[in-house]
1. Which of the residues that make up the range 140-158 are crowded, with 21+ Cβ neighbours inside 10 Å and either aromatic (Phe, Trp, Tyr) or within 16 Å of the ligand (Cβ to nearest atom) (or both)?
2. Just checking, how many residues over the range 264-302 are touching a Gly at 6+ places or on another chain (Cβ under 6 Å) and under 29 Å from residue 110 (Cβ atoms)?
3. Could you list all residues from the range 41-77 that are within 9 Å of the ligand (Cβ to nearest atom) and surrounded by fewer than 17 Cβ atoms within 10 Å (Cβ to Cβ)?
4. One residue is enough: does the range 244-260 have a residue meeting the conditions modelled with pLDDT of 95 or more, within 16 Å of the ligand (Cβ to nearest atom), assigned to a strand (DSSP E or B) and under 19 Å from residue 107 (Cβ atoms)?
5. Being more than 13 Å from the ligand (Cβ to nearest atom) and β-branched (Val, Ile, Thr) is the filter here; which residues of the range 83-102 pass it?
6. Out of curiosity, is residue 8 among the small types (Gly, Ala, Ser), in a helix (DSSP H, G or I) and either in the same structural domain as residue 172 (by TED's automatic domain parsing) or within 14 Å of the ligand (Cβ to nearest atom) (or both)?
7. Within the range 18-38, is there a residue that is under 21 Å from residue 143 (Cα atoms) and near the ligand (Cβ under 9 Å from one of its atoms)?
8. Across the range 115-139, which residue is farthest from residue 221 (Cα to Cα) among those that are more than 15 Å from the ligand (Cβ to nearest atom) and touching a strand residue (DSSP E or B) at 6+ places or on another chain (Cβ under 9 Å)?
Amino acid sequence: MKVLLTGASGFLGRHTLPVLIARYGQENVVAVSSRDADLMDRTAVDRLLSEHKPEVVVHYAAYSGGIGANRAYPADFYFRNVILTALMFDGAARHKVRKMVYPMGGCSYPAKATSPIDEAQLWTGFPQPESAPYSTAKMMGTVGAFSYRRQYGLDTSVIVPGNMYGEYDNFHPLDSHVVPAMIRRYHEAGLNGADEVVMWGSGKPERDFVYAADVAKVIPYFIEQYSSDDWVNISSGVRTPIRELAETIAELVGYRGRIAWDTTKPDGQAVKIFATQRLAALGLSCDTSLRAGLRRTIAWFAQHYAARSDGLRL
Ligand SMILES: NC(=O)c1ccc[n+]([C@@H]2O[C@H](COP(=O)([O-])OP(=O)(O)OC[C@H]3O[C@@H](n4cnc5c(N)ncnc54)[C@H](OP(=O)(O)O)[C@@H]3O)[C@@H](O)[C@H]2O)c1
């Protein structure tokens with residue numbers, strides 16, 4: 001089976017590539033990034049698909065970023081993700097791809113979704129406005145899956161990874177999610193001998209976190225055994241208060257100073273947890289413990305930070 005992985009140089013792509021190679025063989029996996037083909041260009045999409053003739057496309061290529069970038073460039077987030085989604089669905093259908101796997105973000109759920117957030121809540125309200133241009137563009141994947149299945153028989157599995165963390169994440173101080181941001185802050189506080197790190201909010205909000213390698217691990221199932229219009233949350237479903245996350249990361253990083261909480265800063269949503277019943281009904285789970293996943297992520301970060309490796313977005 002020939003598999004094309006787009007977005008292979010990204011965070012989830014780097015976790016998924018070894019899984020695909022182990023399952024289908026190096027010679028059957030084609031991994032591309034924007035350097036190989038600009039997938040916003042229809043001709044490039046056609047060239048890629050006619051050159052490799054994949055039976056399966058795992059379509060990760062997307063234009064993603066932190067909240068600052070989403071605020072600054074909403075039109076780019078909207079336009080690029082609509083185009084990256086639409087062109088690949090259309091190309092895959094015209095080039096007779098049998099199966100597509102398409103990830104949508106947990107941020108696509110309504111801002112007012114009730115936790116645990118089950119899949120049925122997706123179209124019941126508008127997402128967080130700051131990232132809505134990105135997250136609504138990604139929602140078009142569910143419409144693409146529905147439409148191209150009916151008109152062309154393209155079988156698409158839409159997955160919804162939750163709050164992912166792991167090796168290869170974005171650790172940039174201005175633009176990273178909570179886990180990589182904390183890892184970097186405690187690591188640098190340790191290096192600088194700081195005796196206090198101030199965190200925003202009360203530390204009370206609860207989130208669930210999923211190790212990216214656990215998401216990657218279930219991709220072959222969605223290639224081989226899943227065939228449905230229904231999107232599936234891929235998360236751990238385990239509730240973790242932000243305060244506990246901070247304390248665990250500080251401990252694992254080896255930071256011995258104080259953690260202070262600036263309660264004048266906003267907390268965000270009190271609880272955002274993904275329902276995992278649909279995933280569990282398929283016999284799947286993401287069960288790397290937070291501690292074990294953090295340990296590996298921190299080890300990777302420390303090694304790359306020290307070497308200032310270009311594998312790390314700093
Ligand atoms: N990260 C999350 O927490 C999360 C959660 C849920 C869903 N997702 C979805 O999962 C997928 C992977 O996310 P990620 O975090 O791995 O993203 P990422 O690290 O930002 O990687 C994005 C990938 O897309 C490629 N790309 C961007 N523009 C392109 C273009 N015009 N043509 C070809 N390739 C292009 C990039 O290539 P270059 O490296 O060459 O620029 C990179 O390989 C995305 O579809 C995202 O929406 C992510």
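The values are calculated or read from the model by the stated rules, or taken from the named source; none is laboratory data. On a predicted model such as this, the values are computed, not experimentally measured, just so you know. No Cβ is skipped: glycine too gets one built from the backbone with ideal geometry, and neighbour counts run over all protein chains shown.
1. Looking only at the range 140-158, we keep the residues that are crowded, with 21+ Cβ neighbours inside 10 Å, and these are 141-142, 144-145, 154, 156-158.
The answer is 141, 142, 144, 145, 156, 157, 158.
2. At the first step, the residues of the range 264-302 found to be touching a Gly at 6+ places or on another chain (Cβ under 6 Å) are 265, 267, 274, 276, 297.
Add one more test, that the residue is under 29 Å from residue 110 (Cβ atoms), and what stays is 265, 267, 274, 276.
Residues in the range 264-302 being touching a Gly at 6+ places or on another chain (Cβ under 6 Å) and under 29 Å from residue 110 (Cβ atoms): 4 in total.
3. The one that is within 9 Å of the ligand (Cβ to nearest atom) and surrounded by fewer than 17 Cβ atoms within 10 Å (Cβ to Cβ): 41.
4. No.
5. Passing the criteria: only 97.
6. Values: among the small types (Gly, Ala, Ser): yes; in a helix (DSSP H, G or I): no; either in the same structural domain as residue 172 (by TED's automatic domain parsing) or within 14 Å of the ligand (Cβ to nearest atom) (or both): yes.
So residue 8 does not fit the description; no.
7. Initial filter on the range 18-38 (under 21 Å from residue 143 (Cα atoms)): none.
Checking the range 18-38: not a single residue is under 21 Å from residue 143 (Cα atoms) and near the ligand (Cβ under 9 Å from one of its atoms).
8. If we take residues in the range 115-139 being more than 15 Å from the ligand (Cβ to nearest atom) and touching a strand residue (DSSP E or B) at 6+ places or on another chain (Cβ under 9 Å), then 115 is farthest from residue 221 (Cα to Cα).
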